[in-house]
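Written out below as structure tokens is the structure these notes cover.
The values are calculated or read from the model by the stated rules, or taken from the named source; none is laboratory data. Bear in mind the structure is a predicted one, so any value in this text is a computation, not a measurement. So basically every Cβ, Gly included, is an ideal-geometry build from the backbone, and we count neighbours across all protein chains shown.
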Amino acid sequence: MKFAIIKELKNPPDKRVVLPPKACRELIKTFPEMEIKVESSNNRTFTDKEYSKIGLEVTKSVDDCDVMLGVKEVPINALIPNKKYFFFSHTIKKQPYNRDLLRAVLEKNIELYDHEVITDKNGIRLVAFGRYAGIVGAYNGLRTYGLKTKTFNLPKAETLHDQKDLITNLQKISLPNIKIVLTGKGRVSYGAKEMLDAMGIKEVAVEEYLNKKFDKAVYVQIDVLDYNKRKDGKVIDMYDFFNYPSDYEGDFLRFARVSDIYIACHFYGTGAPFIFTRDDAKSPDFNIKVVADISCDIDGPVASTLKASTIKDPIYGYDPLTEKEVNFLNDKAIAVMAVDNLPNELPKDASLGFGDNFVNHVIPAFFNGDKDGILERARMTQNGKLTKNFAYLQDFVDGK
């Protein structure tokens, strides 16, 4: 079977890769029947030379390959019919901007496997860049705070070599006795937590955070039942929240009253309450000055996220009174960092971590008859139709 590491064509170019050279070398040894070709690219964090050095063919055409491995969405005009593709399609939540992409996948009889739905039998994701989004997002959030308050100036993450380099720079700064609230308990939030812990910022419990003053910077990591509450006042469990989100209302304002920085790493489910609304942000009690929205759901649960920002221009301001974008240095503005491809600022580390998981969990499924159902669960399209697991997208494809 022939696999292709395809060139990332979405603009701005992504430097990450599914399989770094090290991973390719391991795979060829483990699966002698496997062939890997590399589509030539000038943007990839690993050079063509690094792939050719381990004996892989680097070429301008991978049309003869069976399985195409990419990271970001493949432009419609670059999709090769009748192939298997792996990439983040950003369609599983019915994102309207990629409706035509999913239609094209179906029309071209492509088998699409979305990295986001590669899971084990319990629904736990097996491959993800989330940890690195959290790592870079926390760094960028602190960098944004320094720029907003004009107290320190950290270099851009993309100019640094690796996570260790990011931590070294963070450890050089001195924070006042600010409070940082971190939402989420998944890979992304624990990546962010790594960075706060590496700086020596103290983690405190919810009640302490809300009611106590500290003489140094502290943070709290909160989960869904900390920032949502049932409308009837009952306290059940998080599964009740996931099953009946409309029975809940947001309770984040109690954290916003005492927080200076908000690092958003949550997963937002359809029907759940917004974390903070535009009206919440207008409240005189709303104290947050910096929002690092790593989750980056545009015009969604975090009211200040009007748009995704870019690695080149990562920060914008949100004026709560006008609900408009302004300069983030404006006194009334909340400074918003909402870069939607954060791991691309740490492409080598991110690719190595992702590649290890892809080698361990995904590639073997092609050679063991998919005995654990990994490919079956992740296959979104087959024979020009949506598969059973993704039939809910049919009305989206139809434009309804």
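Does Ile288 count as more than 30 Å from Pro12 (Cα to Cα) and either touching a strand residue (DSSP E or B) at 6+ places or on another chain (Cβ under 9 Å) or surrounded by 15 or more Cβ atoms within 10 Å (Cβ to Cβ) (or both)? Here the answer is yes, as Ile288 does meet what is asked.
Just one residue in the set Asp114, Asp120 is among the acidic types (Asp, Glu), within 30 Å of Gly269 (Cβ to Cβ) and either under 18 Å from the mean Cα position of the chain (by Cα) or not assigned by TED's automatic domain parsing to the domain that holds Arg379 (or both); that residue is Asp114. Does Phe241 count as touching a strand residue (DSSP E or B) at 6+ places or on another chain (Cβ under 7 Å), farther than 28 Å from Gly146 by Cβ and part of a helix (DSSP H, G or I)? In short, yes.
Taking the listed residues Gly141, Gly130, Gly70, the one that is small (Gly, Ala, Ser), at pLDDT below 95 and surrounded by 14 or more Cβ atoms within 10 Å (Cβ to Cβ) is Gly130, with no other qualifying. In the list Asp293, Asp340, Asp349, which residue meets the criterion of being acidic (Asp, Glu), closer than 20 Å to Ser89 by Cα and touching a residue at least 40 places away in the same chain (Cβ under 8 Å)? Among Asp293, Asp340, Asp349, only Asp340 is acidic (Asp, Glu), closer than 20 Å to Ser89 by Cα and touching a residue at least 40 places away in the same chain (Cβ under 8 Å).
Inspect the stretch 163-177 for any residue being assigned by TED's automatic domain parsing to the domain that holds Phe255 and touching a residue at least 60 places away in the same chain (Cβ under 8 Å) and give the result as yes or no. Scanning the stretch 163-177, I find at least one residue that is assigned by TED's automatic domain parsing to the domain that holds Phe255 and touching a residue at least 60 places away in the same chain (Cβ under 8 Å), so the answer is yes.
Residues of the stretch 58-110 that are without any contact (Cβ under 8 Å) to a residue 24 or more places away in the chain, closer than 15 Å to Gly399 by Cα and part of a loop (DSSP other than H, G, I, E, B): Gln95 alone.
Determine whether the stretch 151-162 contains at least one residue that is outside any loop (DSSP other than H, G, I, E, B), over 16 Å from the mean Cα position of the chain (by Cα) and without any contact (Cβ under 8 Å) to a residue 24 or more places away in the chain. Scanning the stretch 151-162, I find at least one residue that is outside any loop (DSSP other than H, G, I, E, B), over 16 Å from the mean Cα position of the chain (by Cα) and without any contact (Cβ under 8 Å) to a residue 24 or more places away in the chain, so the answer is yes.
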